[in-house]
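**Q** Below is a structure I'd like to ask you about.
The values are calculated or read from the model by the stated rules, or taken from the named source; none is laboratory data. Note that the structure is a prediction, hence the values are computed from the model and not measured. All Cβ positions, glycine included, derive from the backbone under ideal geometry; neighbour counts span all protein chains shown. Quick note on the areas: whole protein, heavy atoms, side chains included, nothing else; ligands and nucleic acids left out. Shrake-Rupley method; radii C 1.70, N 1.55, O 1.52, S 1.80 Å.
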Amino acid sequence: IGRRGVRFTHCYANGPECSPTRTALLTGRYQQRVGGLECAIGVGNVGRYDEAVWLQKRGELGLPDSELTLPKVFKKWGYKTACFGKWHLGYLDKFLPRRHGFDEYFGILGGNADYFTHREENGQLTLYRNEKPEDRRGYLTDLFAEEAIAWLKKQVDNRFFLYLPFTAPHTPIQDPDEFDPKTGKAPWKKNDRRTYAKMVERMDARIGDVLAQLRAMGQESNTIVVFLSDNGADPNGDNGPWRGRKGTLWEGGIRVPCLMQWPARLPQGKTVSQVAITMDFMPMLMRAAGVTAGAATFDGMDLLPIIRGQMPETPRKLFWRYKRGDVVRKAARDGNLKLVIDPQGEELHDLSVDEREQKNLLPARAREAEALKRALAAWEKEVQAPRLRDYRPGAA
């Protein structure tokens, strides 16, 4: 994908975990505007911080179908739409994919499941086809790819939007080749880099199979393909030189790989250093397809003119807030300056000379840090979710 398209070197996830970033991807807006999705929804529909708990008790923990989503827009413009893979935006029927514009869905509702039994840690079967559970054999990565390929074969004469969110390499760490037919299971492993690598390799191979199907259809040249992650690696993975990991707002928690190809319209083999973020892809894909969403506004930015070299790269001002339990982490990036507010303290870094976030510029540049804190506070007020207006700290 990188050779046939562009590679982003400064792409960020909207959050350091799954649910928040997926919310931003599908809405083109900061996930805070939705409310209750600032960290991953817990196994079995559990809220993991105060507002999320409050919403869950009211049957409202998930992405409301009142939100304008990318598949809704494409469906309105005559596209066939499908999602095969991890959902993680609500367990209740009213939050499921087909309420958000997908014609077809097959995948797991939560954040992860056993790759062979398709059950969560609590034993609940979480593999669904549309609104009904489906119990079948197969390694999840293979099942998702095969469903996607079968669906693509039906779209030869259609415009289509396919969302293919693999669970790999999320835990449990399971070797795709260690299935035991006698037990119907495979071992769960910890800190096993070899098995982790095999999971990534299987996903990579299956992505190759999906691309091969596009070529067989004669659609590869005029189909946009985006590959990106929803957060940095957990301890099983490796974030390279970046500090931190999944769940933190250091570069290692939110800076993610991103590749994008569109051979008919985008440069090939180009590296893009423009700062990008997950919520940019909704306005970008809409622009590429020539579709609109009326008076809707987005927090994301259309980066196509920059990618094509029609505009110079532009500095961004971006914000993050992550909640889990009693932990609240915040960050702001303005140009090359990045402020991180963490339970362990506050730090300011100049990413143009310190991408590894090793040299804390506080208090030498305290004035600039204070300006970023004021901007962050103003942003928090501006993105407050309407459905949380009645929430009060400590409310049941």
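**Q** Provide Rg and Dmax in Å for region 237-362, with only Cα atoms included in the calculation.
**A** 16.5, 49
**Q** In the chain, if every C-alpha pair distance is counted and binned at 10 Å from zero, what percent goes to each bin?
**A** Over the chain, the share of Cα pairs per 10 Å bin runs 5, 22, 34, 27, 11, 1, 0 percent.
**Q** Of all accessible surface on the chain at a 1.4 Å probe, what whole percent is carbon and sulfur? Show your work: numbers first, answer last.
**A** Numbers: 8210 of 17210 Å².
The computed percentage sits at 48.
**Q** What Cys residues in the chain are without a partner cysteine, judged by a Cβ distance under 4.7 Å?
**A** 18, 39, 83
**Q** While we're on this one: For residue 185, give me every one of the aspartates and glutamates with a C-alpha distance below 18 angstrom, ignoring sequence neighbours fewer than eight places off in its own chain.
**A** Straight-line reach from residue 185, under 18 Å: 114, 120, 121, 134, 135, 142, 175, 177.
**Q** Among 324-332, 121-129, how do they line up by average Cβ neighbours within 10 Å per residue, starting with the highest?
**A** Most protected by this proxy first, the peptides run 324-332, 121-129.
**Q** Once Rh is set to the Kirkwood radius over Cα pairs, what Stokes-Einstein translational diffusion coefficient, in µm²/s, holds for region 1-91 at a temperature of 37 °C and a viscosity of 0.692 mPa s?
**A** Rounded to a whole number, D works out at 226 µm²/s.
**Q** In a GNM of the chain with a 10 Å cut-off on Cα contacts, which of 254, 41, 341 has the highest mean-square fluctuation?
**A** Of 254, 41, 341, the Gaussian network model singles out 341 as fluctuating most.
**Q** OK, next. Charges only on Cβ, +1 for Lys and Arg, -1 for Asp and Glu: so what's the dipole of region 138-247 about the Cα centre, in debye to the nearest 20?
**A** So the dipole magnitude of region 138-247 works out to roughly 280 debye.
**Q** Here's something else I'd like to know. Could you rank 365, 255 by how accessible they are, 1.4 Å probe, largest area first?
**A** Working: 365 75, 255 20 Å².
I get 365, 255, largest accessible area first.
**Q** Going by a ≥ b ≥ c, the root eigenvalues of the Cα gyration tensor, does region 29-156 fall in the rounded group (a/c under 1.5), the prolate group (a/b larger than b/c) or the oblate group?
**A** It comes out oblate by the Cα gyration axes.
**Q** Let me know the number of lysine pairs in region 238-396 closer than 17 Å at the Cα, not counting same-chain pairs under 8 apart.
**A** Step by step, the pairs that qualify in region 238-396 add up to 13.
**Q** May I ask you to give the average projected area over all directions of the convex hull of the Cα atoms of region 119-188, in nm² rounded to one decimal?
**A** 6.0
**Q** Keeping every protein chain present and rolling a 1.4 Å probe, give me the accessible area per residue for region 285-396 in Å².
**A** Value for region 285-396: 57 Å² per residue.
**Q** I've got another one for you. Over region 261-304, with a single point scatterer placed on each C-alpha, what log10 of the ratio I(q)/I(0) does the Debye formula yield at q = 0.20, 0.28 1/Å?
**A** For region 261-304 at q = 0.20, 0.28 Å⁻¹, log10 I(q)/I(0) is -0.72, -1.13.
**Q** Something else: Tell me the Kirkwood hydrodynamic radius of region 195-269 in angstroms, computed as one over the mean inverse distance between distinct C-alpha pairs.
**A** Here the Kirkwood hydrodynamic radius works out to 14.2 Å.
**Q** At 1.4 Å probe radius, can you tell me the per residue accessible area of region 214-259 in Å²?
**A** Result: 40 Å² of accessible area for each residue.
**Q** Calculate log10 I(q)/I(0) of region 19-67 for q = 0.30 Å⁻¹, where I(q) comes from the Debye formula with a single equal point scatterer on each Cα and nothing for solvent.
**A** -1.19
**Q** Additional query: Mind checking which of 366, 61, 155 is farthest towards the positive end of the chain's charge dipole, using Cβ charges of +1 (Lys, Arg) and -1 (Asp, Glu) about the Cα centre?
**A** Among 366, 61, 155, the one farthest towards the positive end of the dipole of the chain is 155.
**Q** Rounded to the nearest whole Å², what accessible area per residue is found for region 2-140 with the 1.4 Å probe?
**A** Values: 4570 Å² over 139 residues.
That works out to 33 Å² per residue.
**Q** Then there's this: Starting from the Cα gyration tensor of region 304-380, multiply each eigenvalue by 5, take the square root, and state the resulting semi-axes largest first in whole Å. Show your work: numbers first, answer last.
**A** Numbers: eigenvalues 120, 53, 29 Å².
Gyration-tensor ellipsoid for region 304-380: 24, 16, 12 Å.
**Q** Calculate how large, on average over all directions, the projected area of the Cα convex hull of region 208-311 is; give the answer in nm² to one decimal. Walk me through the intermediate numbers first.
**A** Working: hull surface 34.4 nm².
One quarter of the hull surface, i.e. the mean projection, equals 8.6 nm².
**Q** May I pose another question? Rounding to the nearest 20 debye, state how big the charge dipole of region 1-112 is about its Cα centre with +1 on each Lys and Arg Cβ and -1 on each Asp and Glu Cβ.
**A** Working: 17 positive and 10 negative charges, 108 e Å.
Roughly 520 debye for region 1-112.
**Q** Quick one: in region 270-336, what % of C-alpha pairs are over 14 Å apart? List each step's numbers first, then the result.
**A** Values: 1483 of 2211 pairs.
Cα-Cα pairs of region 270-336 separated by over 14 Å account for 67 percent.
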